[in-house]
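J.: Sharing a structure, written as structure tokens. Questions coming.
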Amino acid sequence: MAKRGAGQTPAPIYTVYCENAAQVSFFLRREAFPFMPTLLPLADTPTSADAAWTAFVSRREQLSRSMHLHVCNGCDGCGGRCTAGFLVTREEYDAVQAFLADANPAEVSRVAAQNKIVPWEGAEETGATVTLCRYRDTERNNCSVYPARPTICRLFGQTAWLPCPIEAVPDYPEAAPGVWNAYRRFERRTWEGWEEDWAVAEKKTVVL
Ligand code: SF4
């Protein structure tokens, strides 16, 4: 086998995933194991899952264009309902991380350091509290990742089952339930849920 010289393209890396509780990943160089069949190239080739998500985002954007989003400009009437515990897809998690990577680190740290446990709006006298989304800016009363916000945040206040609490939105698009049902077919977890799974997988991953 001819040796690779400097400047040549590195050998492709192949990976074998064992998707079960005891997840094991083997990273193999083809040069070291020339007999290995091609299993799962790590190249950034689009998968059917990528294509499905891209198609969904396109459908969601089309839905957004039929919403009365201008009504929400400058309003934070539903911001107190941005509570923790909702589910997002892996793509949505990654989109927020990419947004934060480009954001001002001091601002990211400022929001992350805030106490998200706040009095229940409208029931303050009872002492009841609610935990807000980790990305809710409780000092400025806005969403710190708004351009990258996940689907449920885009639908909030603009659909019949997540209605505007101050009744400022005149009507809701008929296509919204179909878009939501399409969204529900994707695997979704809480922000913390994705991170917990990766932490567990990292501990169980063997790299040769
Ligand atoms: S959905 Fe209603 S409360 Fe929420 S931002 Fe829009 S207008 Fe304000």
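The values are calculated or read from the model by the stated rules, or taken from the named source; none is laboratory data. Quantities reported herein were computed from a predicted structural model and do not represent experimental measurements. Because the Cβ atoms are built from the backbone with ideal geometry, glycine has one as well, and the counts that use them run over all protein chains shown.
J.: Is it the case that region 122-132 has a residue that's within 16 Å of the ligand (Cβ to nearest atom) and either crowded, with 16+ Cβ neighbours inside 10 Å or of a type in the set (Lys, Arg) (or both)? Before you say what the answer is, go through the steps one by one.
T.: Applying the first criterion (within 16 Å of the ligand (Cβ to nearest atom)) to region 122-132 yields 122, 132.
Going one step further and asking which of them are either crowded, with 16+ Cβ neighbours inside 10 Å or of a type in the set (Lys, Arg) (or both), we end up with 132.
Yes.
J.: Now for a different question. Looking at THR190, THR151, can you tell me which residue is within 16 Å of the ligand (Cβ to nearest atom), of a type in the set (Ser, Thr, Tyr) and under 26 Å from MET67 (Cβ atoms)?
T.: After applying the criteria, what remains is THR151.
J.: For the structure I just gave you, tell me whether GLU187 is of a type in the set (Asp, Glu), under 25 Å from ASN73 (Cβ atoms) and modelled with pLDDT of 95 or more.
T.: For GLU187, the condition - of a type in the set (Asp, Glu), under 25 Å from ASN73 (Cβ atoms) and modelled with pLDDT of 95 or more - is not met.
J.: Now for a different question. Looking only at residues in region 155-168 that are in contact with a strand residue (DSSP E or B) (Cβ under 6 Å, 6 or more places away or on another chain) and near the ligand (Cβ under 8 Å from one of its atoms), which one is farthest from CYS82 (Cα to Cα)?
T.: Among those residues, the one meeting the criterion is CYS164.
J.: Between a residue in region 70-88 that is more than 22 Å from ALA168 (Cβ to Cβ) and more than 10 Å from the ligand (Cβ to nearest atom) and any residue that is polar (S, T, N, Q) and in a helix (DSSP H, G or I), which pairs come within a Cβ distance under 9 Å, given they are 6 or more apart or on different chains?
T.: Short answer, once both residue conditions are applied: VAL88/THR151.
J.: Right, next: Taking the condition of being in a loop (DSSP other than H, G, I, E, B) and within 12 Å of ALA84 (Cβ to Cβ), how many residues in region 109-137 meet it?
T.: 4
J.: Separate question: Mind counting the residues in region 133-148 that are surrounded by fewer than 20 Cβ atoms within 10 Å (Cβ to Cβ) and either over 22 Å from the mean Cα position of the chain (by Cα) or within 16 Å of the ligand (Cβ to nearest atom) (or both)?
T.: Counting residues in region 133-148 that are surrounded by fewer than 20 Cβ atoms within 10 Å (Cβ to Cβ) and either over 22 Å from the mean Cα position of the chain (by Cα) or within 16 Å of the ligand (Cβ to nearest atom) (or both) gives 8.
J.: Shifting gears a bit: Looking at (1) of a type in the set (A, V, I, L, M, F, W, C); (2) surrounded by 14 or more Cβ atoms within 10 Å (Cβ to Cβ); (3) over 28 Å from THR54 (Cα atoms), which is the only condition ALA106 fails?
T.: (2)
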